[in-house]
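Note sheet for the following structure.
Bear in mind that the values in this text are calculations on the coordinates, not laboratory data. A quick note: this is a predicted structure, and the numbers were derived from the prediction, not measured. Quick reminder, even Gly has a Cβ in these numbers, built from the backbone with ideal geometry, and neighbours come from all protein chains shown.
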Amino acid sequence: MKIFHNTRHAEHAGRQEMFRGRLVDCHEVPQRLQHVLDELVRRPVGTLVQPAADLPLDAALRRVHSADYLDFLARAWDDWVALDPANALVDALPSVWPLTARHGFRTDAPPLNFAARLGQYAFDSGTPLTAGSWAAAREGAACALAAAQAVLAGERFAMALTRPPGHHAGPNYMGGYCFINNGAVAAQALRDGGLQRVAVLDVDYHHGNGTQTIFYERSDVFTASIHGDPRTEYPFFLGHADERGAGAGEGFNLNLPLPRGTGFEVWWATLQTAMQAVRDFAPQALVVPLGLDTFEGDPISGFKLRSADYLQVGRAIAQLGLPTVLTLEGGYAAADLGVNTVNVLEGLRS
Ligand code: SP5
Ligand code: ZN
């Protein structure tokens, strides 16, 4: 399989994230990807490649994100430093939000102040934006687009091995360590490449709120997510079982929330439910936002999967018999991330 590797990922290196009133060290760190690359040297289950430089990336980004949000991201670091030259030494984190019109705040008079603009486009204060975030996220999206094109050209499996992750990024917002929704870019590219129906099966510990929202009113992209119950787990404000899609998309979103503490047996049975729903949709290709934060040793998550379980996860995905793009999402037990990720990839082949 082709593994499109984001060679610019380390340019995004957030220092701190806000957690319960304190700035704590970032969980989403460059070493995560290095551990996967190291394991791929030990177990070369695929070929490491880079996306071509001339991909139609900007057009692909605009298919899933709004133009104003993309413009915001492209200029965000410069605007942050322009707000105060001393900002060059700290990451940008939002600290003021408009909430929504329901709270009486206006959405029709966008502020000019950059701190306020950041609050318009970010849904948490846990996603530091740094000098290299845009370059890293853009190159990651190029990996996702290239992986989709490889599958369109006949590859059975292709992976975007990248960070920052993507599945929390919505049409016009960042958050959850995510800026560009790589899985959505891949799914849309598969559609634009001529496939009529594409399924997304998100196995990250956290609900894929961004992907759900991007495709929520569409019947051509079926989205399913297995995740920690949002009543207690991040991202809290989306991911409940009663969210089934809207309008033409009604019935084309499936959320399977599970309680914190869930082990492999119940998670596996839930995966079978999600896989049956994917089969019923009869897609021509599959996108798997692959989060490894379901691991028992994950420092910020609550499921109890073990390293060997990921071999079975890979086998199950392969059994769907679909051309498949995988994108790397979460997974914060960095030292175990290489083994866990490559176990999934090895399982795909067996
Ligand atoms: C892609 C992805 O997995 N994003 C997850 C974002 C989770 N953000 C909230 C993290 C809460 C951090 N908890 C810190 C615990 C310190 N002991
Ligand atoms: Zn996650």
If you place +1 on the Cβ of every Lys and Arg, -1 on the Cβ of every Asp and Glu, and leave all else neutral, what size is the dipole of the chain about its Cα centre, to the nearest 20 Debye? 400 debye
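Mind checking the dipole of region 1-47: about its Cα centre, +1 per Lys or Arg Cβ, -1 per Asp or Glu Cβ, Debye to the nearest 20?
Value, rounded to 20: 80 debye.
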Picking from Thr107, Val90, Pro128, whose Cα lies most toward the positive end of the charge dipole for region 86-186 (charges on Cβ: Lys, Arg +1; Asp, Glu -1)? Thr107
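Mind ordering 248-255, 341-348 by average Cβ neighbours within 10 Å, highest first? All intermediate terms of the calculation are to be shown ahead of the outcome.
Values: 248-255: 18.5, 341-348: 22.9.
Descending mean neighbour count gives 341-348, 248-255.
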Using a 10 Å cut-off on Cβ atoms, rank the peptides 133-145, 150-162 from the highest mean neighbour count down. 133-145, 150-162
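Rounding to the nearest 20 debye, state how big the charge dipole of region 96-237 is about its Cα centre with +1 on each Lys and Arg Cβ and -1 on each Asp and Glu Cβ. Intermediate results must be reported in sequence, preceding the final value.
Values: 10 positive and 11 negative charges, 41 e Å.
For this selection, approximately 200 debye.
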Using +1 at the C-beta of Lys and Arg and -1 at the C-beta of Asp and Glu, which of Val36, Gly21, Leu55 has the Cα lying farthest in the positive direction of the dipole of region 20-69? Gly21
Name the residue, out of Glu233, Glu28, Glu265, whose mean-square fluctuation peaks in a Gaussian network model built on the chain with Cα pairs under 10 Å. Glu265
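Could you list Thr270, Thr47 in order of exposure, starting from the residue whose Cβ has the fewest other Cβ atoms within 10 Å?
Values: Thr270 17, Thr47 11.
Least to most surrounded, the residues fall as Thr47, Thr270.
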Give or take rounding to whole Å, what are the principal axis extents of the alpha carbon atoms in the chain, in descending order? 55, 45, 43
Under 10 Å, Cα contacts only: if you run a Gaussian network model on the chain, which one of Ala308, Ala109, Ala60 comes out with the highest mean-square fluctuation? Ala109
Quick one: which residues, 5 or more positions from Phe19 or on another chain, have an amide H under 5 Å from its amide H? H modelled 1.01 Å from N in the peptide plane, none for Pro or chain starts. Val24
Over its alpha-carbon atoms, region 141-229 yields an Rg and a Dmax in Å of 12.4, 38
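Among 69-79, 94-104, 280-290, how do they line up from the highest to the lowest mean number of other beta-carbon atoms within 10 Å?
Values: 69-79: 17.5, 94-104: 11.5, 280-290: 22.2.
My ranking of the peptides, most packed first, is 280-290, 69-79, 94-104.
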Restricting to the chain, compute how many DSSP beta bridges are antiparallel as a %, nearest 5. 20 percent
Using Cα springs under 10 Å in a Gaussian network model of the chain, which residue among Gly291, Gly119, Gly193 shows the largest mean-square fluctuation? Gly193
If you rank Asp38, Asp202 by fewest surrounding Cβ atoms within 10 Å, what's the result? Asp38, Asp202
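For His35, His167, His240, His206, what ranking results if the residue with the fewest other Cβ atoms within 10 Å of its Cβ goes first?
Working: His35 20, His167 32, His240 13, His206 28.
Fewest-to-most Cβ neighbours within 10 Å comes out as His240, His35, His206, His167.
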